[in-house]
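Comments concern the structure below.
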Amino acid sequence: MRFGLALLFFGLTPLFAQSNQLAGMQQDIADLKTEVEKLKLENQDLRDSLAREKASKAPASSTAEANTRQRKEILDEVDRRLKQQTADVNAALAEITRQVNAALNKPSAVKTKPATTNASNTPATTTENSTPSESLPTDIPHSGVTYRVKSGDSITRIARQLNSKPEWILKANKLSGPTALKADVEIFVPQADTPAQ
């Protein structure tokens, strides 16, 4: 009996360690999200300030022009940092998802439908090795991933990032053209077994 309890205790010890590691990773992601929100607010403040300055533009002077140029440079730098932070958060979320699935010994394959919408404000994610439940054209791969479109994404960028082709994405999701892509919508991204050219 004691031997069985000791085995149970030693068997549960790695799970406690994984839980602590997972909690630490979740805190890191929360910190990254907070930093991104701060950058967004700073970015919006700078945009508002620039808009106010343009609206109340008095006779142009060299000092005012220099201030405007300086604010524009600051705004461009904040935009660049915001994009980098967003990319870092998305990469961290993808890694945590992979680690959680590995820790729980869950397969990452999930059956999904292409081009389904979801109203929640979840970050952009991909689900690997998905197969759409609806029939796809025969001239495109039937294996791929589900991807939540982010604001600013393009068909070409998604195709390049996920080893696909723009025409495959358009056909799989029955999109009329690249401009039909909408943010916060899940799309199916077909992927070939070998890298797309």
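The values are calculated or read from the model by the stated rules, or taken from the named source; none is laboratory data. Only a predicted model underlies this, so the values are computations on that prediction, with no experimental measurement involved. Cβ: placed from backbone, ideal geometry, glycine included. Neighbour counts: every protein chain shown.
I'd like to know if the range 96-109 contains one or more residues that are touching an Asp or Glu at 6+ places or on another chain (Cβ under 9 Å), at pLDDT below 75 and not assigned by TED's automatic domain parsing to the domain that holds K150. Yes, the conditions are met somewhere in the range 96-109. Within the range 141-186, being surrounded by 13 or more Cβ atoms within 10 Å (Cβ to Cβ), polar (S, T, N, Q) and modelled with pLDDT under 90 holds for one residue alone: S143. For the range 16-58, the set of residues classified as hydroxyl-bearing (S, T, Y), at pLDDT below 90 and closer than 19 Å to E95 by Cα consists of S19 only.
I169 passes every criterion in (1) farther than 18 Å from A94 by Cα; (2) without any contact (Cβ under 8 Å) to a residue 24 or more places away in the chain; (3) out of contact with any Phe, Trp or Tyr (no Cβ under 9 Å at 6 or more places or on another chain) apart from (3).
Among the listed residues E37, E42, which satisfies the condition of being surrounded by 13 or more Cβ atoms within 10 Å (Cβ to Cβ) and of a type in the set (D, E)? Exactly one residue qualifies, and that residue is E42.
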